[in-house]
Amino acid sequence: MPESNKQNLVVIEAFLEAAKRYARGGYDVIVDGIVGPWFLEPWKALAQEDYEVHYIVLRASKKETMKRAVERSKLDRKTNIELVETMWEQFSGLGIYESNVIDTTTFTIKDTVSAIKERVACGTSLLS
């Protein structure tokens, strides 16, 4: 939602600072959240500061995404379906970042973790 853009940027900046602190402390950091390409500028800036920043999008088919969301949500079904459909559409065509997508439709958690580790090791999802 456009009206929440400023607040979302503040949230991103806050957890970027926390992530930087952990990285400076010698830890590998994984930030798990909803980060669309429209919010990548702060991450790109971090990469310019010589931090290794990988942008990986986990995306299942729309049908599977809806199934997973309905099964785990604390929101009422109608609200949840509307929110998840909107988010899925926003992430369904990522343009130049489409190669950063891992299709998790048929993946177990273990499969997903393995795919992420492989992507990080290859460096194919690095931001610059």
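The values are calculated or read from the model by the stated rules, or taken from the named source; none is laboratory data. The model shown is predicted, which means the values in this text are computed figures rather than measured ones. With ideal geometry, Cβ positions are generated from the backbone for all residues, glycine too; neighbour counts draw on all protein chains shown.
Within the stretch 99-128, residues that are under 27 Å from A45 (Cβ atoms) reach partners that are surrounded by fewer than 14 Cβ atoms within 10 Å (Cβ to Cβ) with beta carbons closer than 6 Å, at six or more positions or on different chains, in the pairs L127/K44. When F107 is tested against (1) surrounded by fewer than 12 Cβ atoms within 10 Å (Cβ to Cβ); (2) modelled with pLDDT of 95 or more; (3) assigned to a loop (DSSP other than H, G, I, E, B), just one condition goes unmet, and that condition is (1).
The set of residues in the stretch 14-30 being touching a helix residue (DSSP H, G or I) at 6+ places or on another chain (Cβ under 6 Å) and in a helix (DSSP H, G or I) consists of L16 alone. Here the stretch 70-97 is the region considered, the condition is being of a type in the set (K, R) and part of a helix (DSSP H, G or I), and the residue that is nearest to E17 (Cα to Cα) is R72. The residue that is nearest to Q90 (Cα to Cα), among those in the stretch 31-69 that are free of Cβ contacts under 8 Å to residues at least 40 places away in the same chain and outside any helix (DSSP H, G or I), is V35.
Condition check ((1) surrounded by fewer than 14 Cβ atoms within 10 Å (Cβ to Cβ); (2) within 19 Å of D32 (Cα to Cα); (3) at pLDDT below 95) across all residues:
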residue	(1), (2), (3)
S73	no, yes, yes
K78	yes, no, yes
I81	no, no, yes
Q90	yes, yes, yes
E98	yes, yes, no
D103	yes, yes, no
